[in-house]
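Read the figures in this text as sums done on the coordinates, not as results from a lab. Given the structure is predicted, the values throughout are model-derived calculations rather than measurements. Cβ placement follows ideal geometry from the backbone for every residue including glycine, while neighbour counts extend to all protein chains displayed.
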Amino acid sequence: MQVNIRKYPLFALCGLNCGLCPRYHTEGISKCPGCGGPDFHLKHPTCAVVTCNQKNDNVEFCFQCSLFPCKKYVNPSATDSFISYKNVIGDFKRAKDDLDGYKQVLNEKVNILEFFLKNYNDGKRKNYYCVAINLLSLGVLKNILDKIDLNIATQDIDLKNKIKLVVALFEEMAKKECIEIKLRK
């Protein structure tokens, strides 16, 4: 078996933002290293996208393939797995225009996710934050962080109630953007 090692495992060959996936932020045996990260082939030994890539152009991202857009992207999935597929085509377009810029945005989003997991997680919010941060733009996320700094972080209330306020803020901002923070099943 050919092992697929990638320089940047946070953004998958198929266009998913692995760095914003709950399995990437899991400790223990179910932790995923991201696309092409250390031992990826052991976690995902039959990844159809990796197999397709190895048979064709063997590129870093599917949008670089001479066959792109293939049927996988012409008719994208209407359901999600651990992470949303909603933004794949748009993320590919942004990455194609400026890959380094896209990676910078994704790195910032990963840092924001880690902030929420560290400071506003009651053990039940990881999936929610992963989906929200994946779907919302960096500008909206920075706005949320500013509002938390000004209105929530300094309140003399317990963590449970702060988390309720944070989630309500995410929902309010998502509604303004016409985004529903949930995975499609």
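Pairwise Cα distances in segment 63-150 exceed 17 Å for 57 percent of all pairs.
A full extension of the chain between residue 153 and residue 127 corresponds to an added length of 7.2 nm, given 0.36 nm per residue minus the alpha carbon distance. The label-point distance for residue 39 and residue 146, in a model that sets each label 7 Å from Cα toward Cβ, rounds to 4.2 nm. Each residue of segment 59-73 was assigned a 3J(HN,Hα) from its phi angle through the Karplus expression (A = 6.51, B = -1.76, C = 1.60, θ = phi - 60°), giving 9, 6, 9, 4, 5, 8, 6, 5, 8, 6, x, 7, 4, 4, 9 Hz with x at Gly and Pro. You can think of it this way: the chain between residue 30 and residue 74 has 12.7 nm of extra reach, that is 0.36 nm per residue less the Cα-Cα gap. A quarter of the convex hull surface defined by the alpha-carbon atoms of segment 94-143 gives 3.5 nm² as the mean projection. With contacts taken as Cα pairs under 8 Å at a separation of at least 6 residues, the chain carries a relative contact order of 22 percent.
Report, in degrees rounded to the nearest 10, the 0 to 90 angle that the Cα long axis of helix 88-97 makes with the longest principal axis of the chain. Result, in degrees: 80. Karplus-based coupling profile of segment 113-118, in residue order and whole Hz: 4, 4, 4, 5, 5, 7, with θ = phi - 60° in 6.51 cos²θ - 1.76 cosθ + 1.60 and x standing for Gly or Pro.
The angle between the Cα long axis of helix 138-147 and the longest principal axis of the Cα atoms of the chain comes to about 20 degrees, rounded to the nearest 10. Kirkwood hydrodynamic radius, computed over distinct alpha-carbon pairs, for segment 123-179: how many Å, to one decimal? For segment 123-179, the Kirkwood estimate is 11.7 Å. Sorting the segments 7-14, 108-115, 55-62 by their mean number of nearby beta carbons within 10 angstrom, highest to lowest, gives 7-14, 108-115, 55-62.
Here segment 18-176 yields Rg over Rh of 1.01, to two decimals, using C-alpha coordinates and the Kirkwood radius. Separation of segment 154-185 from segment 130-147 is 10 Å, based on Cα centroids. Site pair residue 55 and residue 81 shows an inter-label distance of 1.8 nm when each label is modelled 7 Å from Cα along Cα→Cβ.
For the chain, the mean residue ellipticity at 222 nm estimated from helices alone is -14000 deg cm²/dmol, where every DSSP H run of n ≥ 4 contributes -39500 (n - 2.57) and the total is divided by all residues, rounded to the nearest 500.
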